[in-house]
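Since every read-out is calculated from the coordinates, none of them should be taken as a lab result. As the structure is a prediction and not an experimental result, all values here were calculated from the model. When we count neighbours, we look across all protein chains shown, and the Cβ atoms used for this are built from the backbone with ideal geometry, even at glycine.
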Amino acid sequence: MIPVVLDCDPGHDDVFAILLAAAHPGIDLRAITTVAGNGTLDQVTRNALRVCTLAGITGIPVAAGAASDKTAPRIHGASALDGADLPEPADLLSSDGAVAVMERLLEQAPLTIVATGPLTNVAALLERRPDLRPEIVLMGGSCGRGNWRPLAEFNIWADPEAADRVFTSGLPVTMCGLDVTHQALATPDVFERLRAMATPLADTMADLLRFFASTYDEVFGMPDPPVHDPVAVAAVAKPSLLKFVDAPVAVELDGTHTRGATVVDLHGITGRPANVRVAVELDRPGFWDMMLSAIERLGRA
Ligand code: BDR
Ligand code: CA
C-alpha cells in the first residue's frame with residue numbers, strides 16, 4: 001500500500017478524491033490536510049470533516065492549513081460544497097496544523113502528498129523542511145488553456161509562488177492538469193451508476209455532482225463537468241490508467257495576462273531538463289470504474 005497524505009480544498013471534486021483515497025486498497029491514507037481554495041479555510045475544513053462523517057471514514061487525522069481569500073463560490077457554491085445536506089462532523093479536527101502533520105508523518109516514513117488544492121501548504125512544508133523528500137502528485141495546471149484565467153488553472157493561479165516552489169523543488173512531481181482532468185467527465189451514465197447503487201453515500205454524491213454540473217454548465221457551457229481531483233489519486237493508485245511524459249514545466253509569475261499559467265515544454269524547445277512528469281491521457285472508463293467502485297464499497301460498509 002502506498003502511504004498518502006491528501007492535501008485538499010473540498011469542494012465537489014475534492015470529495016471524490018477523499019473517497020477514492022480512503023477506499024482504494026492500494027492506498028494507505030495517513031491524513032487529510034486542508035487549504036483554502038474552493039472555499040475559506042473554515043469551510044473546506046468543515047467540509048472535509050463532514051465528508052468523513054458521511055462516508056464513515058474514521059481514524060484519519062484531518063488538519064487545517066493555510067487560509068486565503070481567493071475562493072471559488074461560482075463553481076462550488078456559498079458553502080464550497082452546495083447541492084446536498086451533509087451530516088455535522090463527528091470527528092474532531094487535529095490540534096496540529098497541516099504542515100506539522102505532514103512533517104511528523106514524513107519524519108516517520110516516506111510518503112506521497114496528493115495535492116488537489118492550491119499548493120500553499122506543500123510549499124510551506126518544503127520551505128520549513130527541505131530535508132524531507134515527499135513525492136508530490138498534484139491536480140493543477142495545464143499544457144494549454146486555463147479555467148480561471150485564459151491560460152491559468154485555478155489551483156496554480158491561487159498561489160503561483162507556491163506552485164513555482166513545488167515545480168522547482170527537485171522532488172519527483174507529477175502534474176495532472178486540465179489535459180487529463182477534462183477527460184474525467186461526469187457524463188449521464190455516471191449519474192445512472194450512482195443512482196443504481198441506491199446507498200445514501202451514492203445518492204449524496206449524485207446530488208453534489210448535479211450541483212457541480214449546473215455551475216459548470218453556467219460558467220463554462222459544460223453540462224458534463226470534469227471531476228478533476230480524483231484523477232491525481234488515480235495516478236497514485238493505478239498509474240497504468242494514465243499516460244505520462246517527462247517535460248520541463250515553469251510557472252508564469254509575472255505575465256500581465258498569464259500569471260499562474262504552467263508553461264509546459266512538451267517538445268523540448270527550451271532545452272531545459274525535464275522537472276515534471278506530466279499526465280497527458282486518461283483511460284476514462286477505467287477511471288470511472290475505479291472511482292465508482294470506491295463509492296460503492298464505502299456506501300455498503
Ligand atoms: C481545480 O480547482 C478547483 O475548483 C477544483 O477542486 C480542482 O482542484 C480545477 O481547476
Ligand atoms: Ca480541489
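Here are a few things to note about the model shown:
- Packing-based ranking, highest mean first, of 195-202, 161-168, 136-143 given that Cβ atoms within 10 Å are counted: 136-143, 161-168, 195-202
- Amide H contacts for residue 28 (H built 1.01 Å from N in the peptide plane; partners 5 or more residues away or on another chain; cut-off under 5 Å): 2, 4.
- Rounded if a/c under 1.5, otherwise prolate or oblate - the chain, Cα gyration tensor axes: rounded
- Segments 84-97, 144-157, 21-34, 257-270 sorted - mean Cβ within 10 Å per residue, highest first: 21-34, 144-157, 257-270, 84-97
- Residues in segment 11-49 reached by a label modelled at residue 92 [backbone nitrogen below 17 Å; 7 Å Cα→Cβ]: 46, 49
- Amide H contacts for residue 244 (H built 1.01 Å from N in the peptide plane; partners 5 or more residues away or on another chain; cut-off under 5 Å): 280.
- Backbone geometry of segment 139-153 corresponds, through the Karplus equation with coefficients 6.51, -1.76 and 1.60 at θ = phi - 60°, to 3J(HN,Hα) couplings of 9, x, x, 5, 7, x, 6, x, 10, 9, 10, x, 10, 10, 7 Hz, x marking Gly and Pro.
- For residue 8, the amide hydrogen comes within under 5 Å of the amide hydrogens of 33, 34, 35, 116, counting only partners 5 or more places away or on other chains and with H modelled in the peptide plane.
- Taking the helices alone, the chain has a mean residue ellipticity at 222 nm of -12000 deg cm²/dmol, built from -39,500 (n - 2.57) per DSSP H run of at least 4 residues and averaged over all its residues.
- Antiparallel DSSP beta bridges within segment 148-301, as percent of all bridges there, nearest 5: 85 percent
- HN-Hα J in Hz across segment 24-36 - Karplus 6.51, -1.76, 1.60, θ = phi - 60°, x for Gly and Pro: 6, x, x, 10, 9, 7, 8, 6, 10, 10, 10, 9, 4
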